[in-house]
Structure formats: structure tokens, C-alpha cells
1. Given (1) in the same structural domain as Ala331 (by TED's automatic domain parsing); (2) more than 16 Å from the ligand (Cβ to nearest atom), identify the lone condition not met by Ala254.
2. Which one is farthest from Leu146 (Cα to Cα) among residues in region 112-132 that are part of a helix (DSSP H, G or I) and touching a residue at least 40 places away in the same chain (Cβ under 8 Å)?
3. Would you pick out the residues in region 233-250 that are buried (at least 23 other Cβ atoms within 10 Å of the Cβ) and either among the β-branched types (Val, Ile, Thr) or over 14 Å from Ala55 (Cβ atoms) (or both)?
4. Collect the residues in region 182-195 that are buried (at least 24 other Cβ atoms within 10 Å of the Cβ) and either among the aliphatic types (A, V, I, L, M) or more than 30 Å from His129 (Cβ to Cβ) (or both), keeping them in residue-number order.
5. Could you identify the single residue in Phe179, Phe174 that is among the aromatic types (Phe, Trp, Tyr) and either surrounded by fewer than 21 Cβ atoms within 10 Å (Cβ to Cβ) or over 30 Å from Thr9 (Cβ atoms) (or both)?
6. Need the failing condition index for Val181 against (1) farther than 14 Å from Gly24 by Cβ; (2) touching a helix residue (DSSP H, G or I) at 6+ places or on another chain (Cβ under 8 Å); (3) part of a helix (DSSP H, G or I), just the number.
7. Of all residues in region 133-151, how many are in contact (Cβ under 8 Å) with a residue 40 or more places away in the chain, hydrophobic (A, V, I, L, M, F, W, C) and within 17 Å of Tyr193 (Cα to Cα)?
8. Which pairs have Cβ atoms under 9 Å, sit 6 or more apart or on different chains, and link a residue in region 265-276 that is in the same structural domain as Leu319 (by TED's automatic domain parsing) and touching a residue at least 60 places away in the same chain (Cβ under 8 Å) to one that is within 14 Å of the ligand (Cβ to nearest atom) and aromatic (Phe, Trp, Tyr)?
Amino acid sequence: MEWKAEPITRRVTRQIKVGPVLVGGGAPISVQSMTDTDTLDVEGTLAQVGRLASAGADIVRVSVPSMDAALAMEEICSRAPVPIVADIHFDYRIALEVAKRGAAALRINPGNIGSSEKIEAVCRAAEDHGLPIRVGVNAGSLDKDLVARYGSPTPQAMAEAALRAAEVLERHHFFDYAFSVKASELNLCVAAYRLLSRETPAPLHLGITEAGGLTGGTVLSSIGISWLLREGIGDTLRVSLAADPVEEVRVGWAILKSMHLRARGVEITACPTCSRHGIDVVGMVGELERRLADVRGTLRLAVMGCVVNGPGEAQGADLAICGAKGGQCLAYEGGKMWGKLPAAAALDWLERRARELADGR
Ligand code: SF4
């Protein structure tokens, strides 16, 4: 009998709409990233948004630190291939401006927006333009009274900060919001999300903030995000890396694909190689990832160094190769032996067949 992993039961939440992308309420878990360009550089920002969208970002956030940046958002939002979330701090007038200029959602922290009148103005602008708001709580910028009461940024303090902000929005009859409660300390962050998920029906945007560089940040984010996803918590995610934001999207997708929560593009199983390897697995995998980055249809490939584990992995793959003697590869399709071909021709064969198969999916 085939073994199957215990399915993940996702938490039931309200649903919000970020442009055409549904978040929560059973919608597929979306992948987000954030530009690191100067928002005033419209062409540079759009080029990066385009790269993020091609890598699979469903939603992209853009920082709007000034009124000039708010004006630049009009062109960015109108030409972007994915919905744009405006990230706003301190000046509520920027939120009013971007709401008119095509933003698909606002990310604010009501704690730094100010008076009740200002928050009400933001709520009305969001409502008039059909925009949801993400309340982004960060352990590093909690309200002083909460830190004083709890002694440090605890999960309770973070969840309370989120719920307190939601109370303010709801007081202004605004219910179309999502939360994030991010921290760079993994256990604190996970505990805060876990606690908040029990207290709110709002969708949750997952992320470990300031997680670090490509390797450390990927490990930290993968542990924290997958831990929560496994518990059914999380409706959209952003992997925060001190690296090219395209990597954030790649890692976000890798997490979702590994957990079988969402599929996209080509997944490659590869052995780490050892002295038995008959082909250059490392080089071939890198080249395949580069060649097949644009493929959207879901496909599983395996590239294995030799016949020790190659034929076994080929069983679960749509296409596979494994190294054989004399510079040859054994090629498999649909788990069955397709034939033998020289290693030098294997990449072209894999690319051609992968594109043909993906086209039909
Ligand atoms: S599949 Fe072969 S080459 Fe790859 S790690 Fe295993 S024994 Fe080594």
C-alpha cells in the first residue's frame, strides 16, 4: 500500500482580496516579496517587479516613504504584472494618496499612523478603493507600554499589539484586514503566530523578519514557515532575505512545493553525488534550473549520479537521468526506461521533453 503523508488541515479564516489574488478562506497560499529599488526609480522598480513576477511572486510590496514615492506608485501599479502592496509608515496622507493611485493593498502599523482621525481616514480611503490592510506587527517596534507590561517582546505582547490594532480598525468599521507578527527570533515568531491564530479569524501573512543572508535566512525561514504551515497556520508568506529578492520568491515556492501545499514549475530531485557519480550532477542541475526557470507547468525531474539510487528516484519522476558507465546516461520517462544517451546530450533531451510535457499541463 502506498504511504501518504497526513494531510494538512488549514485554519479557516476570512478572505481578503489583494487585487485579483485571494488570501485566506481556503485560497492557495500566495508568495510575496518586496522590492529593494528606490520607488522613485519607476523603471528600475518595474523591472524588479517583473523579475519577481516571473519567478512566481503573486504579490509584490513596495515601500512608499514619501509623497513623491506615492505619486510614482501610479505608474508602477498600472504597469506591474502583479498586485502591488504599498508599505506605509508614519504619514497617513501617503496611504490616502496611494489608495487613489492603484495600490492593491496597504501595509500599515496603526501604532505609528497616529490619531484616531488619521486611522479613520486611512480606513475610509481603503474602503472607497476596495483595498485590504495588512497590520504588520514587528517585535522590534512594539508599543512601549506592551514591552513594559510584558518585560520584553513576548508572543503575548505581539499578539496583543495585533489585536489592539485590529480593534482600532474595527472601531472604524473596517474588517478587511490581515495580520503579520514578525520577529527575527524563530521561536518567538512562531509562538506569536500560533497564539494570534487562535484569537482571530483574519488571514495571516507569515514571515520571519530580518532572517539573514541567503543560506541562514533560507534555513530560518524554512523552519519557521513550514512549522506554522504544518499546523494549518498561514495564508500568504514572504521569505525575508538579505539577498536578491528573487531568491525570496524561489525559497517561498520551494517551501510550498516541499510541503505539497502548492505546485508550480519544475521540481528537481538530485543526489548530492559521491565518488560513484558517472555524470556532473551539480553542473547539470544548475544548468537545468536556469534553462527551465520559465516553465510554469508542474513537473518532477530527477538527476542522479549513478545506478545505486537512480532507478529508484526515476520511478517517482516524470523525467529522469542517471549516470552510467562510459559517459552515458540512462534516461527514464514516466518511471520507465526510455533509453541510453550520451551525457553530453542529456540536458537537451531533458529540456525538450520537459517543455513538451509541461505544455500539456
Ligand atoms: S546516486 Fe550514486 S552518485 Fe549519487 S550519491 Fe548515490 S551513490 Fe553517489
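The values are calculated or read from the model by the stated rules, or taken from the named source; none is laboratory data. Everything numeric here is computed off the predicted structure, so don't read it as measured data. Here the Cβ positions follow ideal geometry from the backbone for every residue, glycine too, while neighbour counts run over all protein chains shown.
1. (1)
2. Start the filter on region 112-132 by keeping residues that are part of a helix (DSSP H, G or I), which leaves 112, 116-128.
Right, trim to touching a residue at least 40 places away in the same chain (Cβ under 8 Å) and you get 116, 119-120, 123-124, 126-127.
On the way: Ser116: 19, Ile119: 20, Glu120: 23, Cys123: 24, Arg124: 28, Ala126: 28, Glu127: 29 Å.
So the residue we want is Glu127.
3. Scanning region 233-250 gives Gly234, Asp235, Thr236, Leu237, Val239, Val249.
4. Applying the first criterion (buried (at least 24 other Cβ atoms within 10 Å of the Cβ)) to region 182-195 yields 182-183, 189, 192-193.
Selection gives Ala183, Cys189, Ala192.
5. Values: Phe179 fails: either surrounded by fewer than 21 Cβ atoms within 10 Å (Cβ to Cβ) or over 30 Å from Thr9 (Cβ atoms) (or both).
Among Phe179, Phe174, only Phe174 is among the aromatic types (Phe, Trp, Tyr) and either surrounded by fewer than 21 Cβ atoms within 10 Å (Cβ to Cβ) or over 30 Å from Thr9 (Cβ atoms) (or both).
6. Checking Val181 against (1) farther than 14 Å from Gly24 by Cβ; (2) touching a helix residue (DSSP H, G or I) at 6+ places or on another chain (Cβ under 8 Å); (3) part of a helix (DSSP H, G or I), the one that fails is (3).
7. Of the residues in region 133-151, the ones in contact (Cβ under 8 Å) with a residue 40 or more places away in the chain are 133-140.
Okay, now just the ones that are also hydrophobic (A, V, I, L, M, F, W, C), so 133, 135, 137, 139.
With the extra rule that they be within 17 Å of Tyr193 (Cα to Cα), the set shrinks to 135, 137, 139.
Matching residues across region 133-151 total 3.
8. Filtered contacts from region 265-276: no entries.
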